[in-house]
Structures are given as C-alpha cells and as structure tokens.
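Read through the structure below, which is laid out as structure tokens, and then see the notes.
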Amino acid sequence: VFQLSVPLNFLGSVYRELRQSLLDMETLFNLQKVNVSIKEAPDAKALQLSHGGQIIFDNVSFAYNKNRPILRNLTMTIPAGKKVAIVGPSGCGKSTLLRLLFRFYDADTGRIFIDDQDVRQVTLESLRKSIGVVPQDTPLFNDTVGHNIRYGDLEASESQVVAAAQRARIHDIISSWPAGYATKVGERGMMISGGEKQRLAVSRLLLKDPPLLFFDEATSALDTHTEQALMQNINSILREKSRTSVFVAHRLRTIYDADLIIVLKEGSVAEQGTHKELIDRGGLYSELWSTQETLFSSDGSEKEVVTTD
Ligand code: ATP
C-alpha cells in the first residue's frame, strides 16, 4: 500500500500540473510557435500590477527570420484599465505582439514593459498568469464542456462555471444538449461550431479573470447579432472591473467603441486615436472603415462577412 500510494499521489500532482500546463499552452496560440530558448532571468521577480496593467512597447523590432522583419521600431502604450484595439492588414504582426508580450519570443531590439517592469525581468509564471487570451483558434480538450470551461480556473465551483458560460452567451446552448455540461467535446467532435468554440474560450477566460485580457479575433466566427450581444457582455465586465484589454479584430464594428485604436502597417504604428479622431484624420483607418461600412445595410445588419484584408 505504502509503495503504491506514493507514486499515485505523485501522479495526481503531475496530472494537475499537466492540466495547468495545458492551460498555459492554450496561450501559445499555436504550439509549433513555441520557442524553448526563452529563459527566465536568474533574478526574476513576480510581476506586480501596481499601476493597473499599463503595457508599453518601446521601439520594438522583431523578425522570426532575420531577412524578414515583422515589427519595426514599434512604439505604443496600452493604457491601464482601457479597452484598446489593434487593427491592420493580415500578416502585419498583431498576433506577434501578443507572443512577445507573453515571451514566447523576445524582441530583437527594444523593450516591453508591464507597469514599468521589463517582461524579461519577471518570472514567466507570473507573467503568463496575469495575461489571459482568447486565441484565434481555441484548442478544446477531449473532456466535458464543463471541464473545458473550468480550465480557466481549476478551483471554480459549478455555479461559477455556469455564470461564466452565461456571460459568454453559451449557457443556453449547452443546456439544450442532452448531457448539458457533461457533454464530451470529443463525442460531439465537429458538432461544436466555430462560434460555440469561441464562446467556450471566452467562458474560460472570464472564469480565469486575469488582470490583462487579449482577444485575438475572438468573435470572428459569430454572426453579427451574437457577436454584438457577446461584446456588450464583455464590455460591461471590463468596465466594471477596469481591466486592461486588447482586441485584435478585422471587423471594425466590434472595436469602434474602444478607448484607443492603434493601426499597424508594415510592423509599426501608422496612426492611433479614438474612432472619431481617426475618421476625422482621413487616413488608413478611415479608409478601412468606409470599405467595411458600405458592406453594411442601413439597419446595421451585415450584408456579408467583411474583413480588413
Ligand atoms: P492575421 O491578422 O492574419 O492574424 P497578424 O497581423 O496577426 O495576422 P502575425 O500572426 O503576427 O500576423 O504574423 C506576422 C507575420 O509573421 C506573418 O507574415 C506570418 O506569416 C509570420 N510568422 C508568424 N509566425 C511565424 C513563425 N513562427 N515563423 C516565421 N514566420 C512567422
């Protein structure tokens, strides 16, 4: 008995750690893009969010391959407690910004600060715990729907899981399934639609409730009506908690109310401001906006799926 119980206990903790590391891996966006050469500084300290989560990119340049720069001397400030949108053509480096912030890669030159702490000087664990992301493509684990949400917080109670699903506007759908929250994702397999997956990912993030939130095309698979309803819920949670949030979105309708919109072009900031300021400026954003707007009907319904590409 003695001989057995030790390894079993050990396995239990390994399993928990494994689940936790799967959770962390969720933030990798794409498992192939992991860079194992990132090392924690020997004197790294836990990240302190003492100013509410202000993020600064200071003159950051980065290339995956030396001959093809992705970010070029990019400087931007994401103010604490604000909703910020990052827009720009496909491939301009939006998801790369998140990967650098998470330290899946380090900038070649320049620095990234969160509340005045260089991300290279803080522990990876504290960094990744502080940031939550709804990635472009959410991995679901071969487990129940309830557990898939609970990856956001392994200690969460059933009612907290349900509350998160309600806010992510997926609770009614889950309840309509014969096995409800006990439905195995694997069993349903392809029957979970892209939009349902995205809402499960949002539920998971709301349950995790991190100080910094990133939404990378998080609602792109939803119809306009569901997307607007979900965005309203997300907005009210962010306002209530004064969270710093960053939205990467092609559909400008989902972000035009952001406190700050940063427009990227060829790896640096082309322009930034509020929706109104950028429209008045008549630059790249206003061009993107008018292209997309002509594709909306006057009642606000979408004529077709529109992107900035
Ligand atoms: P989208 O809007 O289409 O999601 P994005 O602006 O988020 O695009 P990134 O995903 O940041 O763009 O990618 C920027 C560029 O870097 C792209 O041209 C992409 O092909 C390239 N890239 C991304 N990851 C890698 C990698 N691991 N190795 C080499 N090139 C990469």
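In segment 88-124, how many are modelled with pLDDT under 95, aliphatic (A, V, I, L, M) and open to solvent by less than 10 Å² (accessible area, probe 1.4 Å)? Looking only at that region, the number is 4. Taken together, the residues in segment 247-260 that are within 16 Å of Gly273 (Cβ to Cβ) and open to solvent by less than 30 Å² (accessible area, probe 1.4 Å) amount to 5.
Would you confirm, using the coordinates I've provided, whether Ser159 is at pLDDT 90 or above, open to solvent by 70 Å² or more (accessible area, probe 1.4 Å) and of a type in the set (Gly, Ala, Ser)? When the stated conditions are applied, Ser159 passes them. Considering only residues in segment 101-157 that are of a type in the set (Val, Ile, Thr) and out of contact with any Asp or Glu (no Cβ under 8 Å at 6 or more places or on another chain), the one that is farthest from the ligand (Cβ to nearest atom) turns out to be Thr144. Within segment 24-49, if we keep just the residues that are away from the ligand (no atom under 16 Å from the Cβ) and either closer than 24 Å to Ala218 by Cα or open to solvent by 80 Å² or more (accessible area, probe 1.4 Å) (or both), the residue that is modelled with the lowest pLDDT turns out to be Glu26. Only one of the listed residues (Thr254, Thr183, Thr226) is within 16 Å of the ligand (Cβ to nearest atom) and among the β-branched types (Val, Ile, Thr). That residue is Thr254. Identification of helices (runs of 4 or more DSSP H) wholly contained in segment 101-176 with 3 or more residues that are without any contact (Cβ under 8 Å) to a residue 24 or more places away in the chain and more than 24 Å from Gly267 (Cα to Cα) yields 158-167, 171-176. Of Ser286, Ser236, all but one fail to be of a type in the set (Gly, Ala, Ser), modelled with pLDDT of 90 or more and open to solvent by less than 60 Å² (accessible area, probe 1.4 Å); the exception is Ser286.
Evaluate segment 230-247: report whether one residue or more is among the hydrophobic types (A, V, I, L, M, F, W, C) and either over 25 Å from Asp115 (Cβ atoms) or over 16 Å from the mean Cα position of the chain (by Cα) (or both). Can you show your working first?
Let us first name the residues in segment 230-247 that are among the hydrophobic types (A, V, I, L, M, F, W, C), namely 230-231, 234, 237-238, 246-247.
Next cut, either over 25 Å from Asp115 (Cβ atoms) or over 16 Å from the mean Cα position of the chain (by Cα) (or both) only: 230-231.
Checking segment 230-247: at least one residue is among the hydrophobic types (A, V, I, L, M, F, W, C) and either over 25 Å from Asp115 (Cβ atoms) or over 16 Å from the mean Cα position of the chain (by Cα) (or both).
For segment 167-186, the condition holds for at least one residue, the condition being that it is of a type outside the set (Ser, Thr, Tyr), at positive phi and open to solvent by 60 Å² or more (accessible area, probe 1.4 Å).
For segment 206-276, which fully contained strands (runs of 3 or more DSSP E) count at least 2 residues that are among the polar types (S, T, N, Q) and under 23 Å from Phe102 (Cβ atoms)?
Numbers: elements: 212-216, 244-248, 260-265, 268-273.
Here the list reads 244-248, 268-273.
Exactly one residue among Leu230, Leu222, Leu207, Leu264 is crowded, with 22+ Cβ neighbours inside 10 Å, modelled with pLDDT of 90 or more and in contact with a Leu (Cβ under 9 Å, 6 or more places away or on another chain), and that residue is Leu264.
When Gly81, Gly53 are checked against the criterion of being away from the ligand (no atom under 16 Å from the Cβ), open to solvent by 10 Å² or more (accessible area, probe 1.4 Å) and part of a loop (DSSP other than H, G, I, E, B), Gly81 stands alone in meeting it. The residue pairs whose first member lies in segment 68-90 and is under 11 Å from Ile55 (Cβ atoms), whose second member is in a strand (DSSP E or B) and open to solvent by 30 Å² or more (accessible area, probe 1.4 Å), and whose beta carbons are closer than 6 Å, counting only pairs six or more residues apart or on different chains, are Met76/Val269; Thr77/Ile56.
The values are calculated or read from the model by the stated rules, or taken from the named source; none is laboratory data. This structure is a prediction, so every number in the text was calculated from the model and none was measured. Note that we place each Cβ from the backbone using ideal geometry, even for glycine, and neighbour counts take in every protein chain shown. For the accessible areas, the whole protein counts, side chains as well, though only heavy atoms, and no ligand, DNA or RNA atoms are used. Shrake-Rupley method; radii C 1.70, N 1.55, O 1.52, S 1.80 Å.
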